Amino acid sequence: MSVAGLKKQFHKATQKVSEKVGGAEGTKLDDDFKEMERKVDVTSRAVMEIMTKTIEYLQPNPASRAKLSMINTMSKIRGQEKGPGYPQAEALLAEAMLKFGRELGDDCNFGPALGEVGEAMRELSEVKDSLDMEVKQNFIDPLQNLHDKDLREIQHHLKKLEGRRLDFDYKKKRQGKIPDEELRQALEKFDESKEIAESSMFNLLEMDIEQVSQLSALVQAQLEYHKQAVQILQQVTVRLEERIRQASSQPRREYQPKPRMSLEFPTGDSTQPNGGLSHTSTPKPAGNFLCPLFSHSPSLAHINLLSNTFDLDLLLCCHLNEPVWCQQYHLFFPCFTLCVPERMRENAPGRACPHTLTYNPQTAAPGTCPIGFLKSWEQMAEYICR
């Protein structure tokens, strides 16, 4: 900067200090100019705030926005193509639903339903990406261009006008000490800057219908997005309701319990790697089976005995009670209750069959032991009905 330029900047600073501190009065601008300046300032702040809030509306996750911005910046530095887009929440939800739908498989109702809703969410994420692109092209980019070009140009003219006003006011206070030609040039420059700034602000405010068109583009993009979203959700709703009707019309499956494990006590050198636990039942002995002698409380042994002696359906309805001491045999005998199901009572010969049968060796007839011969529902019916 030349010496004349430095001197001019010093004069402007002196005038500004005298106005701020000393209360000196500068050249006043007309009310219309001040009103246009106020509206332009509000427009500039509105454009910046609305652009920021629109991006937050479309991309609500701040961490994802920061990561995406960093990736795009690095891509520009390296001269690469634009990085991946914003990870939509619908896409993340769709990925989780599709993953677990595949893991559950098609042999249940929940797995295929997860797949259908996941596909709908994936379509919603694609529609959301289209909304982002549409809003960016027809709303955010025009506002950004307005801010970077027109509003920045107006700010430049206003700043230049303020500088020339300070220069004119400084020279006006020294009228008579400076040449009149210099004061006249300062006034001409001030008027010229005022006209340029005023014209720029006037054109911007008169053409604000362009901003209305941009707002319309934003609303139209949202309307199209919601239309497509409603269509996608209606389709998946119909499929889910149809799946619910089909599942409701099918007969409900009954739970079929698997055979329980039995305890086997090895004899001699025979060993089992699982400590005597077996999932397969031992073959039933042929002929009548007499209860072995026990000199101690045989709870676990009784369970094994019952599983080896009775049919599976009979065993499942058997409730093992506490063993009792049988004076006749001088040993513990199993005391149990058999629940007689409906089908057995209907097929029982003779008189009506009771619902339960409790065997107690202390009250049973001498020499009788139902463990040896109750090997089927029919034999049990004959026993309890005679």
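The values are calculated or read from the model by the stated rules, or taken from the named source; none is laboratory data. Predicted, not measured: the structure shown is a model, and the values here were computed from it. Methodologically, a virtual Cβ is constructed for each residue, glycine included, from the backbone with ideal geometry; neighbour enumeration extends over all protein chains shown. Surface areas here come from the heavy atoms of the whole protein model, side chains and all, with no ligands, DNA or RNA. Shrake-Rupley method; radii C 1.70, N 1.55, O 1.52, S 1.80 Å.
Here is how the numbers come out for the structure above:
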| quantity | calculated |
| --- | --- |
| Members of the stretch 200-219 that are without any contact (Cβ under 8 Å) to a residue 12 or more places away in the chain and either hydroxyl-bearing (Ser, Thr, Tyr) or surrounded by 13 or more Cβ atoms within 10 Å (Cβ to Cβ) (or both) | Ser213, Ser216 |
| Condition check for Ile196: surrounded by 11 or more Cβ atoms within 10 Å (Cβ to Cβ) and β-branched (Val, Ile, Thr) | yes |
| Among (1) modelled with pLDDT of 90 or more; (2) under 30 Å from Gln214 (Cβ atoms) - the single one Leu93 does not satisfy | (2) |
| Every residue from the stretch 37-78 that is free of Cβ contacts under 8 Å to residues at least 40 places away in the same chain and aliphatic (A, V, I, L, M) | Val42, Ala46, Ala63, Ala66, Leu68, Met70, Ile71, Met74, Ile77 |
| Qualifying residue in the stretch 158-178 (condition: open to solvent by 80 Å² or more (accessible area, probe 1.4 Å), in a helix (DSSP H, G or I), more than 23 Å from Lys20 (Cβ to Cβ) and not β-branched (Val, Ile, Thr)) | no |
| Count of the stretch 92-124 residues which are among the hydrophobic types (A, V, I, L, M, F, W, C) and free of Cβ contacts under 8 Å to residues at least 24 places away in the same chain | 7 |
| Yes/no for Leu223 being in contact (Cβ under 8 Å) with a residue 40 or more places away in the chain and not charged (D, E, K, R) | no |
| Which numbered condition Asn72 fails, given (1) modelled with pLDDT under 85; (2) touching a helix residue (DSSP H, G or I) at 6+ places or on another chain (Cβ under 6 Å) | (2) |
| Pick from the stretch 42-60, criterion surrounded by 15 or more Cβ atoms within 10 Å (Cβ to Cβ) and under 30 Å from Glu116 (Cβ atoms), ranking: modelled with the lowest pLDDT | Gln59 |
| Verdict on Glu181 being charged (D, E, K, R), part of a helix (DSSP H, G or I) and under 22 Å from Met36 (Cβ atoms) | no |
| Some residue of the stretch 79-87 being part of a helix (DSSP H, G or I) and either modelled with pLDDT under 85 or surrounded by 11 or more Cβ atoms within 10 Å (Cβ to Cβ) (or both) | no |
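Table: residues versus (1) surrounded by 15 or more Cβ atoms within 10 Å (Cβ to Cβ); (2) among the β-branched types (Val, Ile, Thr).
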residue: Leu92; (1), (2): no, no
residue: Glu103; (1), (2): no, no
residue: Phe110; (1), (2): no, no
residue: Ala113; (1), (2): yes, no
residue: Glu119; (1), (2): yes, no
residue: Glu123; (1), (2): yes, no
residue: Asp132; (1), (2): yes, no
residue: Ile140; (1), (2): yes, yes
residue: Leu143; (1), (2): yes, no
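Yes/no per residue for (1) closer than 30 Å to Met36 by Cβ; (2) at pLDDT below 50:
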| position | (1), (2) |
| --- | --- |
| Val212 | yes, no |
| Leu218 | yes, no |
| Arg253 | no, no |
| Pro259 | no, no |
| Ser281 | no, yes |
| Gly287 | no, yes |
| Cys291 | no, yes |
| Asn304 | no, yes |
